[in-house]
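A short worksheet on the structure shown next.
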Amino acid sequence: MRHAQRIRQARLAEATMKLITGACLFGMVGLTVFILGAIIWRGAPSISAEFIFAMPKDNMTAGGIWPAIVGTFWLTVGTAIFAIPIGVSTGIYLAEYAQRGRVTRIIRLSIANMAGVPSIVYGLFGLSVFVMVLKFNQSLLAGALTLACLTLPVIITATEESLRQVPSDLRQASLALGATRLRTILRVVLPAAAPGIVTGSVLGLSRAAGETAPILVTAVAFSAPLPRTPFDRVMALPYHLYIMATQAVKPAPHIVWGTALVLVAGVTIMGVAASAWRSRQRRRIRW
Amino acid sequence: MVGVGTGVFDLNDVSVAYGKETAIAGVSMHIPSRAVTALIGPSGCGKSTLLRCLNRMNDEIGGVTVGGSIKLDGAEIYGKDVDAVELRTRVGMVFQRPNPFPMSIYDNVVYGPKTLGVRKRAELDEIVESSLTDAALWTEVKGSLKKHAFELSGGQQQRLCIARALATSPEVLLMDEPASALDPISSQQIEDTIADLKEHITIVIVTHNMQQAARISDQTAFMLRESMDRPSALVEVGDTKVIFTNPTDKRTEAYITGRFG
Amino acid sequence: MRQPPASQSKTRRGRPGISRTADAVVRRLIALSGLVAILILTGIFVFLALNSVQAFQEVGLIAMLKGADWYPTSDPASFGFLPSEVGSLWVTFVALLLCVPVGIGSAIYLSEFTPSGFKEFAKSMVELMAAVPSVVLGLLGLAFVVPWVRTALGLSSGLTAFSAGLVVGVLCLPTIISIAEDALHAVPESLRQGSLALGNTHWQTTYKVVVPAASSGIFAAVMLGLGRAIGETMVVLMLAGNSGLIIRDPFDAARTLTGTIAGEMAEVVRGGLHFSVLFAMALVLFAVTFVVNLAADWVLERQRRRWRR
């Protein structure tokens, strides 16, 4: 009798907990849908060719946001230029060359910690090193370098994990054919790991594109012309959004929501495209 | 592509240690040119380890020490000025599980020659054709060289790996249980290929399949690890027919007759 | 049987594809890149410290940490961190209150109970949420959370630590969910099978066997979420209000360490005392997140070692 009762209680507890945890998950999913939906709903009416490609007018309350889009674009490209070579190289070092030992452990610890440093701290670091010491002043270059530091851990981790997933069989085969370790990495392992590396890098870059704090003090101006050199200050989508939403003298909600939609759309498209490309590559290569 | 040199190995008192633990000791044997030498023995007896000494693949594992002398065509392969990387273009290897690169058939085969600096398209095409022919794969794939290697069957992939190894014109081909992961028909095709290849190239094959060793090899070496606290040893080596019909050592006889696996 | 082809010697000894010197150079570069991460992390500490020296000398670390008044532009100026520290604590507290239970609950459901068809969709939703920039979440907070807080709680303004905390909590959800789900997923199926075979329900298996086995990973997830919450800048800048007082409950406007630094940095004179104090504040922030991340990493390393595949 008691046994049956215990089982009934256990079943009830299970049903309850499934409900609660399920509600958490569905709540989260619902929240995500709501977030995206709200942005699209509020921002879509603002989207037009003029909004995207024209220069701002009327003290930023009319016209388009083209310079902000260009600024964010170049900041992201700059971040890629600095972060990808170093990040992939470090990932290769960790996956293929590093010995188990104290130094490697410290390197890994540093990478893990870099991932957790607040973005405003990166901003101050960028300010003191790139803007002041190296005298780049507030510029596209300083901003890109700062964002590159921020993005480095993501690229390193993506590279290392992708390299580790390449079966050791392939390395053995290459070495047995008389190739050096390096040639093996460059000609066989790296190409095989490329989908994962590219996806991870693009995801990291899309996150960098949305960051405001690091570029707050290193790169941006609220109003700036299209950049001609890397030493110019730039406008950027996240910063533009922030200022328009909190400090604009004359409120312009349609600009604000339009900017938010463009930013989110850009970030999402990058991420989705990268994931889709990786799935296609993965289907061809089944380990 | 077939080899130019004679591809003769002379092993003298060879030992292999992983850190402090000696895995193999006291192996001495001669591997004749243009013939098939089979290494047989129960699993764990060190035959693959010994095989990997012949192309210094053991160098890639940290903490491995190889003692004694291993000479290829009279020259010590563990000598100070011997480049292991270069050695492996002369001593090729085929592995137990087929491991083609995730590239086209063509790119797989030309990987070795490109490492050696061959650039001209005409030369590469010629190497591809002759290597695939020697590996008995040419007729099946000649019209689809751009096909991705992973689309081939298991048996075809292994023959591709053989062709890939042959593309650097090695003098010796090491084969580590090349047919064990394949179906019987593919396995037979590999054996036929080995029989053809040995006319021009020295072959050393590790196999746990005694019948296979008896069928295809000219010389057989039997290895055994008698207990975990003693290193593996070479028990007996000799003409295959003799080993399988009238072995000298009692332990060889016991293994051959199936008294232990 | 087959004649050796006439071109047999062609394969031999051409010029090697990558020359040996290039090989060595590239290998050196790769090895050097391993140090970049250490360099940058140390560099962050060094440059923060260098720029804080003036603040430590003229104001003093203890005075800053315990000081209750933040009037940087008055004469004489006062540089107490306490209002910002308290604000940060309140925001983080509210954020964790939201994201830890919901995050772990979601992770449990995702790992143990979600039907497989839905799992991929749910995971991509989590990734999608993680991709939304914090400034956009701040905007949504301004549009929806702040008015709601104002009306629902009858406050004069919805710009409170509570509002900021809620949105920061949402921001941290993906972090906690993905790391906790990884930890739960890593628990071997055999443990679950064993428990079920003894007559336990799925839920009993989960809380008796799976969660304890994944506990260090879950702990690490919470620590990383905590670090994220402490370090969040844009959301608090936009939603927490801007009061310099030490708040007693989260329903007032507050400042946070991150918000103060970000908000005032653009206005200060470079090289001045105010400038240096902000760097000192960043140093404190860096130290706190460093310790939190170290703890999370230590725990994750232990878990990795236990389940070494």
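A few points about this structure:
- Of all residues in the range C:239-248, at least one satisfies being modelled with pLDDT under 95, among the hydrophobic types (A, V, I, L, M, F, W, C), crowded, with 24+ Cβ neighbours inside 10 Å and under 23 Å from the mean Cα position of the chain (by Cα).
- In the range B:85-102, the residue that is farthest from A:PRO167 (Cα to Cα) out of those that are assigned to a loop (DSSP other than H, G, I, E, B) and within 8 Å of another protein chain (Cβ to nearest Cβ) is B:PHE95.
- Whichever residue in the range A:50-67 is in contact (Cβ under 8 Å) with a residue 24 or more places away in the chain and at positive phi and, among such residues, is surrounded by the most Cβ atoms within 10 Å (Cβ to Cβ): A:MET60
- A:ALA95 meets the conditions (1) touching a Lys or Arg at 6+ places or on another chain (Cβ under 6 Å); (2) farther than 30 Å from A:VAL198 by Cα; (3) touching a residue at least 24 places away in the same chain (Cβ under 8 Å) in every case but one. The failed one is (2).
- Test for B:VAL109: is it within 12 Å of chain C (Cβ to nearest Cβ) and either farther than 30 Å from B:VAL27 by Cα or in contact with a Pro (Cβ under 9 Å, 6 or more places away or on another chain) (or both): yes
- Looking across the range A:239-287, the residues that are under 22 Å from C:VAL126 (Cβ atoms), of a type outside the set (Val, Ile, Thr) and crowded, with 18+ Cβ neighbours inside 10 Å come down to A:ALA260, A:LEU261, A:LEU263, A:GLY266, A:MET270, A:GLY271, A:ALA274, A:ARG278.
- Sole exception among (1) out of contact with any helix residue (DSSP H, G or I) (no Cβ under 7 Å at 6 or more places or on another chain); (2) part of a loop (DSSP other than H, G, I, E, B) for C:ILE247, by number: (1)
- Annotation: of all residues in the range B:208-255 being touching a helix residue (DSSP H, G or I) at 6+ places or on another chain (Cβ under 7 Å) and among the acidic types (Asp, Glu), the one that is surrounded by the fewest Cβ atoms within 10 Å (Cβ to Cβ) is B:ASP218.
- Restricted to the range B:151-261, the set of strands (runs of 3 or more DSSP E) holding at least 2 residues that are in contact (Cβ under 8 Å) with a residue 12 or more places away in the chain and more than 17 Å from the chain's Cα centre (by Cα) comprises B:233-239.
- The range C:83-103, subset polar (S, T, N, Q) and within 16 Å of the chain's Cα centre (by Cα), residue nearest to C:MET281 (Cα to Cα): C:SER88
- Yes/no for A:PHE73 being outside any helix (DSSP H, G or I) and away from chain C (no Cβ under 12 Å): no
- Candidates in the range B:60-84 are the residues that are more than 17 Å from the chain's Cα centre (by Cα) and assigned to a strand (DSSP E or B); of these, the one that is surrounded by the most Cβ atoms within 10 Å (Cβ to Cβ) is B:VAL66.
- Conditions (1) in contact (Cβ under 8 Å) with a residue 40 or more places away in the chain; (2) under 17 Å from the mean Cα position of the chain (by Cα); number of the one not met by C:GLU112: (2)
- Enumeration of residues in the range C:127-148 that are more than 7 Å from chain A (Cβ to nearest Cβ) and not aromatic (Phe, Trp, Tyr): C:GLU127, C:ALA130, C:SER134, C:LEU137, C:GLY138, C:GLY141, C:ALA143, C:VAL145, C:VAL146, C:PRO147
- Of C:ALA180, C:ALA214, all but one fail to be buried (at least 24 other Cβ atoms within 10 Å of the Cβ) and either modelled with pLDDT under 90 or among the basic types (Lys, Arg) (or both); the exception is C:ALA214.
Every residue, every condition in (1) under 16 Å from the mean Cα position of the chain (by Cα); (2) at the interface with chain C (Cβ under 10 Å from one of its Cβ atoms), yes or no:
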{"site": "A:GLY200", "(1), (2)": "yes, no"}
{"site": "A:ILE215", "(1), (2)": "yes, no"}
{"site": "A:PRO227", "(1), (2)": "no, no"}
{"site": "A:PRO230", "(1), (2)": "no, no"}
{"site": "A:LEU241", "(1), (2)": "no, yes"}
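Residues are listed down the side, and each one gets a yes or a no for (1) under 20 Å from the mean Cα position of the chain (by Cα); (2) more than 28 Å from A:GLY204 (Cβ to Cβ); (3) in contact (Cβ under 8 Å) with a residue 12 or more places away in the chain:
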position: A:PRO45; (1), (2), (3): no, yes, yes
position: A:SER48; (1), (2), (3): no, yes, no
position: A:ILE69; (1), (2), (3): yes, no, yes
position: A:THR76; (1), (2), (3): yes, no, yes
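- Here B:ILE185, B:ILE205 are screened, and the one residue that is of a type outside the set (Gly, Ala, Ser) and buried (at least 16 other Cβ atoms within 10 Å of the Cβ) is B:ILE205.
- Residue list for the range B:151-182, restricted to those being within 14 Å of chain C (Cβ to nearest Cβ) and of a type in the set (Ser, Thr, Tyr): B:THR168, B:SER169
- The residue that is farthest from the chain's Cα centre (by Cα), counting only those in the range C:259-283 that are within 7 Å of chain A (Cβ to nearest Cβ), assigned to a helix (DSSP H, G or I) and closer than 23 Å to A:THR246 by Cα, is C:MET265.
- Note on the range A:78-105: residues that are exposed (fewer than 15 other Cβ atoms within 10 Å of the Cβ) and either within 29 Å of A:ASP232 (Cα to Cα) or within 26 Å of the chain's Cα centre (by Cα) (or both) amount to 3.
- Selection from the range C:104-136 of residues that are within 16 Å of C:SER178 (Cβ to Cβ) and of a type in the set (Val, Ile, Thr): C:ILE104, C:ILE108, C:THR114, C:VAL126, C:VAL132
- Search result, residues across the range B:116-150 that are away from chain C (no Cβ under 14 Å), assigned to a helix (DSSP H, G or I) and among the hydrophobic types (A, V, I, L, M, F, W, C): B:VAL141, B:ALA149, B:PHE150
- Residues of the range A:1-19 that are part of a helix (DSSP H, G or I), loosely packed, with under 15 Cβ neighbours inside 10 Å and either at pLDDT 90 or above or not charged (D, E, K, R) (or both): A:HIS3, A:ALA4, A:GLN5, A:ILE7, A:GLN9, A:LEU12, A:ALA13, A:ALA15, A:THR16, A:LEU19.
- Note on the range B:1-51: among residues that are among the aliphatic types (A, V, I, L, M) and at pLDDT below 90, the one that is surrounded by the fewest Cβ atoms within 10 Å (Cβ to Cβ) is B:VAL4.
The values are calculated or read from the model by the stated rules, or taken from the named source; none is laboratory data. All values derive from a computational prediction rather than experimental measurement. When we count neighbours, we look across all protein chains shown, and the Cβ atoms used for this are built from the backbone with ideal geometry, even at glycine.
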